[in-house]
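Participant: This is the structure I have questions about; it appears just below.
Values quoted throughout were computed directly from the atomic coordinates according to the rules given, and no laboratory measurement underlies them. Keep in mind the model is a prediction, meaning the values are calculated, not measured.
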Amino acid sequence: MQNPEAVQGFTAERVLRTRPKTYRAVVQLLADPHASVNQIAKLHRVSTHTVRAIRHREARTIAERKKSLAAMLANVAELGAERMEETIGKASLRDATIATGVATDKVLALTSQMAAVQIAAVVLPTPEEQAELRRQDACLTRSLNALRRPSAYQKQLSARYVARWRAVYCSSRLLPVE
């Protein structure tokens, strides 16, 4: 199949000859699934026709580079998952989780797979519902405070029963220990 850019005279040979670093940089960026031809052209100050010509010339190299990157990132994802497993409960778990997610995302992008998107619908209460929840919370707080305070009957009990009562209820953390 003939390159339509070559028909128009854009073969990228001049860039390869005069600016080899630019040519290699364009090839590397073409392996990135998120880089567009326009972005690459602006970044390296070449025409979009030149970028397309390089893409056509280096199609096999770019495909090999994508496979290589996918293999490396799959390895990073696997190592990250192992690290996550090892660091459960430690502070660096957050960092391992982020790195694993990024590597997994890149593997999916390089292998042209779609990542699963999960959406959580969070229903927030209306102002009226919030007011009702606050009212119920206040009622429960008053009831709990009443249970924590000993009644007049309990105050009349002997010291032995009061001590037992406090031991039972304080052990369940309903009453502050005095």
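Participant: How much length would be gained if the chain were fully extended between Thr97 and Leu124, taking 0.36 nm per residue of separation minus their Cα-Cα distance, in nm to one decimal?
Facilitator: 6.9 nm
Participant: What is the Cα convex hull volume of segment 4-57 when expressed per residue in Å³?
Facilitator: Considering the Cα atoms of segment 4-57, their hull volume per residue is 67 Å³.
Participant: Could you give the length gained by full extension between Arg19 and His34, i.e. 0.36 nm per residue of separation minus their alpha carbon distance, to one decimal place?
Facilitator: 3.0 nm
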